[in-house]
Amino acid sequence: MNAAPRAAATKVVDLATLRRHLDALPPAAQVVLTNGCFDWLHVGHLRTLEHARSLGDVLVVGVNDDASVRRLKGPGRPVVPARQRALLVAALECVDWVVVFAEDTAAGLVRAVRPQWYVKGGDYRLETLPEAEPARQVGARVVLVPPEPGLSTTGLLARALAQGAAGEGRGRASPHPVPQADGSPQEA
């Protein structure tokens with residue numbers, strides 16, 4: 001029988017707790033680190049995280065805090081608060097640990113975690129990736145995962161706003177039940 005999956009909340013830790021967990025790993029364990037805003041979790045994120053996990057034994061995900069998302073993405077972002085974004089990422093089976101960080105880049109996180117692998121999704125290039133040099137300094141191999149066409153949070157948000165402004169979906173019953181306060185489904 002398989003063990004029950006760990007609850008997402010148990011996977012979201014601060015950096016000191018994460019460091020203790022990583023220090024307890026066997027010396028040969030391969031730690032993989034990736035990071036991002038994860039403001040509107042989509043299949044592109046999932047594929048990047050699954051690819052990252054396939055490279056090693058433990059996947060650590062850094063999630064930008066709310067202030068850094070605002071600095072990086074602009075006003076109106078994040079759509080989802082940091083704690084909720086961290087829990088959603090942690091709920092994925094491929095993710096072992098999640099840590100929320102305040103910096104605009106994960107350079108400090110790379111230095112603190114000291115992974116064997118650093119993975120970044122999206123349309124980055126090695127020569128412009130802020131974490132590339134810190135990764136090299138700690139001996140991590142850098143892997144860039146190409147973006148999924150049409151799957152960026154910014155693009156998805158823009159499409160959703162455009163559809164809402166155009167009135168798409170208005171006046172039709174939802175094909176999905178809307179939960180009532182007690183959690184039971186209710187038809188919209």
Filter result (within 20 Å of the chain's Cα centre (by Cα), part of a loop (DSSP other than H, G, I, E, B) and over 19 Å from SER54 (Cα atoms)) within segment 118-141: ASP123, TYR124, ARG125, LEU129, PRO130, GLU131
Verdict on ARG70 being in a helix (DSSP H, G or I), within 19 Å of GLU133 (Cβ to Cβ) and among the charged types (D, E, K, R): no
GLN30, sole failed condition from (1) open to solvent by 20 Å² or more (accessible area, probe 1.4 Å); (2) farther than 21 Å from LEU129 by Cβ; (3) more than 17 Å from the chain's Cα centre (by Cα); (4) touching a residue at least 12 places away in the same chain (Cβ under 8 Å): (2)
Matching residues in segment 101-115 - criterion: being surrounded by fewer than 20 Cβ atoms within 10 Å (Cβ to Cβ) and touching a strand residue (DSSP E or B) at 6+ places or on another chain (Cβ under 6 Å): PHE101
Any hit, segment 34-42, residues being assigned to a helix (DSSP H, G or I) and surrounded by 12 or more Cβ atoms within 10 Å (Cβ to Cβ): no
Test: residue in segment 123-132 that is hydroxyl-bearing (Ser, Thr, Tyr), at pLDDT 95 or above and farther than 15 Å from LEU41 by Cα: no
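The values are calculated or read from the model by the stated rules, or taken from the named source; none is laboratory data. In this text, all values refer to a predicted model and were calculated from it rather than measured experimentally. When we count neighbours, we look across all protein chains shown, and the Cβ atoms used for this are built from the backbone with ideal geometry, even at glycine. Side chains included, ligands, DNA and RNA excluded: accessible areas come from the protein's heavy atoms. Shrake-Rupley method; radii C 1.70, N 1.55, O 1.52, S 1.80 Å.
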